[in-house]
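The values are calculated or read from the model by the stated rules, or taken from the named source; none is laboratory data. If you're wondering where the values come from, they're calculated on a predicted model, not measured in any experiment. Here Cβ is always computed from backbone atoms with ideal geometry, including for glycine, and neighbour counts include all displayed protein chains. Quick note on the areas: whole protein, heavy atoms, side chains included, nothing else; ligands and nucleic acids left out. Shrake-Rupley method; radii C 1.70, N 1.55, O 1.52, S 1.80 Å.
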2 protein chains.
Amino acid sequence: MEEAKANGPNGELPGRVMAGPTNPMVTPLLTDLYQFTMAYAYWKAGKHNDRAVFDLYFRRNPFGGEYTVFAGLEECIKFIANFRLSEDEISFVRQSLPSSCEEGFYNYLRGIDCTDVEVYAISEGSVVFPKVPMVRVEGPVAVVQLLETPFLNLINYASLVATNAARHRFVAGKSKLLLEFGLRRAQGPDGGIGASKYCYLGGFDATSNVAAGKLFGIPLRGTHSHAFVSSFMSPDEIVDKSLRSSDGSTTCEDFISLVQSWLSKIQWSNSLHGTFGETNQSELAALISYALAFPNSFLALVDTYDVMRSGIPNFCAVALALNDLGYKAVGIRLDSGDLAYLSCETRNFFCAIEEEFGVSGFRKMGITASNDLNEETLDALNKQGHEVDAFGIGTNVVTCYSQAALGCVFKLVEINDQPRIKLSEDVSKVSIPCKKRCFRLYGKEGFPLVDIMTGENEPPPKVGERILCRHPFNESKRAYVVPQRVEELLKCYWPGNFSDNKREDLPPLKEIRQRCINQLEQMRPDHMRRLNPTPYKVSVSAKLYDFIHFLWLNEAPVGELQ
Amino acid sequence: MEEAKANGPNGELPGRVMAGPTNPMVTPLLTDLYQFTMAYAYWKAGKHNDRAVFDLYFRRNPFGGEYTVFAGLEECIKFIANFRLSEDEISFVRQSLPSSCEEGFYNYLRGIDCTDVEVYAISEGSVVFPKVPMVRVEGPVAVVQLLETPFLNLINYASLVATNAARHRFVAGKSKLLLEFGLRRAQGPDGGIGASKYCYLGGFDATSNVAAGKLFGIPLRGTHSHAFVSSFMSPDEIVDKSLRSSDGSTTCEDFISLVQSWLSKIQWSNSLHGTFGETNQSELAALISYALAFPNSFLALVDTYDVMRSGIPNFCAVALALNDLGYKAVGIRLDSGDLAYLSCETRNFFCAIEEEFGVSGFRKMGITASNDLNEETLDALNKQGHEVDAFGIGTNVVTCYSQAALGCVFKLVEINDQPRIKLSEDVSKVSIPCKKRCFRLYGKEGFPLVDIMTGENEPPPKVGERILCRHPFNESKRAYVVPQRVEELLKCYWPGNFSDNKREDLPPLKEIRQRCINQLEQMRPDHMRRLNPTPYKVSVSAKLYDFIHFLWLNEAPVGELQ
């Protein structure tokens, strides 16, 4: 922990390449025990420095979709930049392994870091597809093996939640404000912090999570809760009733009376008459207090008692009183009930207020909706018609309720220049061997057409040249493509000491977010739709195809039917 | 962060009551922005020190079951014990609120801590039910409000995953070893660390997560991965082939030859003849290497190529060679395929080896199964019949894949001695007002019969006395109970400065785990079964019932049908 604390997000130590992961609990011990038992076995066999290449990829897009947003890379790079085992950690490893393990191994652990490791990755925030490695890690097999679990941990959830956020954005539409409100239901403290970070990356606009705002500069949003409303009994308990006008020129000595006079005007107005009786006084007191505290940014929760019979009239009375003093209320939040219906009724009420009292712009008051929203309910709201301007989404986006895990894996594809394959009776689980290069080929209309993996030393695809793209495992699926643009996907994010490659910069979160938004917009729409999207094509070169199948036959035992 | 780091899990600072939460990212800023905007509004209204009582509870048991395991309390108490805002945090709050907010508020924030807060809670690891508060927090309304989000965050996932673990244990049965392998798929770093802690609490035996082993003393387990197997090409690459015998008396100079001679004996044995051809040499090399590294604890993954035609014969040859040198192999792990079938075939093979070569005990070799296991697959394995001794469970248990969130809420039930109610059109969302006491009533056979909530000043239920238990919202559901034992559920875990109550100790994790196991065993079996379990009864006293409905009528607006 000492080491980890020293590498916290708030400052780099002298001599360090970069700050450590956001969560100081991300240490070399945040890994599976078998990574250490294997490290010992490699060391014991003298194999620990064998040069291994591992691919990190997933096999299926989440949420029944046909795309995934890659996220979590920055945390991985910050992790390896600071990867060293402290004495305390080494002594815990010693305690956890059999006592027969030789002391030399612990000396070896004492010396390891990631200077011999190279990491190639697709840029964070990119749209990615099954089987194409998002990250390729090369280095001494024992060290790279130790990285497997933390890398998967840091990427699996990050990519899942970023994808989930992007899907919510897709359904909500570009013009709506999307707010992440999930901290309380998240899977632990940095289930919450990670969710806020990666929801923003995936296209959300703001979060309620203050710690995430501080750590990542994400805009913060929040109003008040039901408890705030019910903590008041009646306007009588408000002691300081005065409110200075927005321009500071006058002071209203009794803001409560001003609100109450507006409330009776609303109650007795022609157009609104009869739609409600007496409003809830505890709610009225709470809204007045909130307005006195935040006259410039008054946004009120209106469903504690009854939206149309109490919350909305109370809100409008306060908003009109604020208006008298030169303040413009921000809007309301609905947290229960039929959101389509209530948002439309609320909008009608706002329009009627604008007309009745000639308060221009009142009809444009913001309406925020929350309460267990997800892709399906957003879609249903769209179909029903609604007047919501901003959605607060919690549980479903942060816990990825409809699919709580992404199945990224980390597979050995080459060791000491020998390509390796992992077989499985389930073809979708067979790994694609070899250290590979990956390219995205773009068509005439600017859409990405296909991703292709090639062997490391094959000539890369060229613009305007006809290339045969083959499905890695299905002989009959193949297509010729003439790319209009070729993008190499894997870039060097950690060159180690061995490589001449320049290290790609880790861009700020806002830039990663913008890349994500741009890439999603660039996709052909049929890949993106919610219902029956078209799968995006992922292929291998003809040469790699042949090699995969040669290796497969070589490794697979021949059955004997009896 | 500075503050938080200082409160890390590895040591208490002088003058501190206890160490801070496990994750140093759990700071007062790990909360929703609206807690701070409300705090400001309370402060501005002079209400911030109003004495509030909040209940933390959930409305529905997860996973379609009828029970929940309460977890996360210790982290909450460690959080409030160290609750203070640092200057850095205060300046971030200032930055996040409108500039019109008065400076006095930040001075107020500077001074707050939890010395005026009292926390009453059910003991961690207890079996709990909907609507009954697991935690009751009392204190100045602005401070308690700030605790809402972190408390929910720390309890929601903890209780969810502990319940999930308990359910897996229930299906697997007491005699099986349950191993949590989920770190790589968890929702972020302490999605992983929390999962390991609370799976253990809920009845698992061990984890693969080294950091969790170090932090919480949870037993660790792990073997090797498929990558380890495929990193070897053939036994030729093993340099040091010697292995000393278990008693140290002799050294086998060529362990590889010993294994190979066993492999041909197996291949040509009468009982096993013809069941396999040549085994995979890369696998054989990996297993030999692993055995040379861990002769005392040899446990091998056998499904990299083909379980019955390669993995099992290779394993047996190595295990028999180890046996020659006085070592006892531990067993195998299956990570794919038909686990019921393969485990039975494997057991048969072990039995045949025992008989053919007279190696006593070989048939009892351990069989561990992994690969996307969950409650359903465990249940299916039971029905099919299997020979698995230990289950490694990852994704499904740690992400709570079948239900990724528990819906705990934190509701105001009283302020300045005034009971408060939160209404909702959905009756199940109406809160139960008043500061309450909660009791569990036990019947003649020792089973818990019903939980009952009463007003704070009502006489508590007594053994042998007839008590009317009423459903809080359904008039017709009521029953008389004569308890044989009465257990008060809410105990004082944080007395603040005001209370004379003694603070309950926070027991070590092992003790909490044992409480959980004991309580689950104490439940009437029909509440526990997977299919159509009987709901456990949760009730209120007659007096509290009447009061709830009085308050409800009082607060609800009267509709006007038009």
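Structure summary
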quantity: Charge dipole of chain A about the Cα centre (unit charges at C-beta), most positive-ward option of A:Ala165, A:Leu544, A:Ser282; calculated: A:Leu544
quantity: At least 30 Å² of accessible area lost relative to the chain alone, listed for the range A:256-297 with a 1.4 Å probe; calculated: A:Gly274, A:Ala293, A:Phe294
quantity: Leading residue at positive end of dipole, the protein assembly as shown (Cβ point charges), from A:Tyr305, B:Gly331, A:Gly72; calculated: A:Tyr305
quantity: Whole-number percent relative contact order across the range B:223-388, with pairs defined as alpha carbons under 8 Å at least 6 apart; calculated: 22
quantity: Label-to-label distance, nm, for residues given as A:Glu456 and B:Asp240 (7 Å Cα→Cβ offset); calculated: 2.9
quantity: Accessible area of B:His471 in the full protein assembly, 1.4 Å probe (Å², nearest 10); calculated: 50
quantity: Rounded tilt (10° steps) of A:189-201 against the dominant C-alpha axis of chain A; calculated: 90
quantity: Helix-only mean residue ellipticity at 222 nm for chain B, each DSSP H run of n ≥ 4 adding -39500 (n - 2.57), per residue, nearest 500; calculated: -11500 deg cm²/dmol
quantity: Accessible area of the range A:223-388 divided out per residue, in Å², using a probe of 1.4 angstrom; calculated: 37
quantity: Chain lengthening between B:Glu521 and B:Ser360 when straightened (0.36 nm per residue, less Cα-Cα); calculated: 54.3 nm
quantity: Buried on assembly, the range A:158-194 (at least 40 Å² less accessible surface than by itself, 1.4 Å probe); calculated: A:Leu183, A:Arg184, A:Arg185, A:Gln187, A:Pro189, A:Asp190
quantity: Förster radius 56 Å - calculated FRET efficiency between B:Arg60 and A:Lys328, Cβ distance, rounded to 0.05; calculated: 0.85
quantity: Alpha carbon centroid spacing (whole Å) that separates the range A:246-317 from the range A:125-193; calculated: 43
quantity: Pair-distance profile P(r), taking every C-alpha pair of the protein assembly as shown, with 10 angstrom steps and integer %; calculated: 2, 10, 18, 21, 20, 14, 9, 4, 1, 0, 0
quantity: Size of the A/B contact, given as accessible area buried on both chains, probe 1.4 Å, in Å²; calculated: 9900
quantity: Degrees between helix B:255-268 axis and first principal axis of chain B (Cα, 0 to 90, nearest 10); calculated: 80
quantity: Using a Förster distance of 30 Å, the FRET efficiency for B:Lys265-B:Asn348 (Cβ separation, nearest 0.05); calculated: 0.95
quantity: Exam field: A:Gly361 pseudo-label spacings to other copies (7 Å along Cα-Cβ), nanometres; calculated: 8.4
quantity: Rounded to whole Å, sorted largest first: equivalent-ellipsoid semi-axes of chain A, Cα gyration tensor; calculated: 55, 29, 19
quantity: Debye, to nearest 20: dipole size of chain A, +1 on Lys, Arg Cβ, -1 on Asp, Glu Cβ; calculated: 1640
quantity: Protein accessible area in the protein assembly as shown, 1.4 Å probe - carbon and sulfur %; calculated: 48
quantity: Separation between Cα centres of the range B:393-440 and the range A:344-396, rounded to whole Å; calculated: 27
quantity: Total formal charge among the other residues, if their Cβ is under 14 angstrom from that of A:Cys438, Lys/Arg +1 and Asp/Glu -1; calculated: +2
quantity: Label zone at A:Asp417 (point 7 Å along Cα-to-Cβ), backbone N below 15 Å, the range A:42-67; calculated: A:50-53
quantity: Inter-copy spacing of A:Ser402 label points, which lie 7 Å from Cα along Cα→Cβ, given in nm from shortest upward; calculated: 2.2
quantity: Per-residue mean of C-beta atoms belonging to partner chains within 10 Å, peptide B:204-216; calculated: 5
quantity: HN-Hα J in Hz across the range A:299-313 - Karplus 6.51, -1.76, 1.60, θ = phi - 60°, x for Gly and Pro; calculated: 9, 10, 7, 10, 10, 5, 10, 7, 4, 7, 9, 9, x, 5, x
quantity: Net dipole in debye of the range A:223-388 [+1 Lys, Arg Cβ; -1 Asp, Glu Cβ; about Cα centre; nearest 20]; calculated: 380
quantity: Unit charges on C-beta of K, R, D, E only; dipole of the range B:155-256, Debye; calculated: 800
quantity: In order through the range A:545-554: 3J(HN,Hα) via Karplus (6.51 cos²θ - 1.76 cosθ + 1.60), integer Hz, x for Gly, Pro; calculated: 4, 4, 5, 3, 6, 5, 5, 4, 4, 5
quantity: Percent of beta bridges antiparallel (DSSP, the range B:223-388, rounded to nearest 5); calculated: 20
quantity: Per DSSP, loop trypsin sites (Lys or Arg not before Pro) in the range A:386-466 with at most 15 further Cβ within 10 Å; calculated: A:Lys444, A:Lys462, A:Arg466
quantity: Inter-label distance, nm, simple model (7 Å from Cα along the C-beta direction), A:Val427/B:Phe498; calculated: 7.0
quantity: Share antiparallel - DSSP beta bridges, the protein assembly as shown, percent rounded to 5; calculated: 70
quantity: Over the range A:239-294: Kirkwood hydrodynamic radius from C-alpha pairwise inverse distances, Å; calculated: 12.6
quantity: Residue-level accessible surface for A:Cys344, protein heavy atoms, 1.4 Å, Å²; calculated: 40
quantity: Residues of the range B:393-429 with amide N under 17 Å of a point placed 7 Å along Cα→Cβ from A:Ser402; calculated: B:401-405
quantity: Cα→Cβ-extended label distance, 7 Å offset, between B:Asp379 and B:Gln514, nm; calculated: 3.2
quantity: Copies compared at B:Asn501 - label distances in nm, ascending, label defined 7 Å from Cα in the Cβ direction; calculated: 5.9
quantity: At least 40 Å² accessible surface lost relative to isolated chain, residues of the range A:27-45 (1.4 Å probe); calculated: A:Leu29, A:Leu30, A:Asp32, A:Leu33, A:Tyr34, A:Thr37, A:Met38, A:Ala41, A:Tyr42, A:Lys44, A:Ala45
quantity: Part-to-part distance (alpha-carbon centres) for the range A:476-525 and the range A:33-98, which is given in Å; calculated: 23
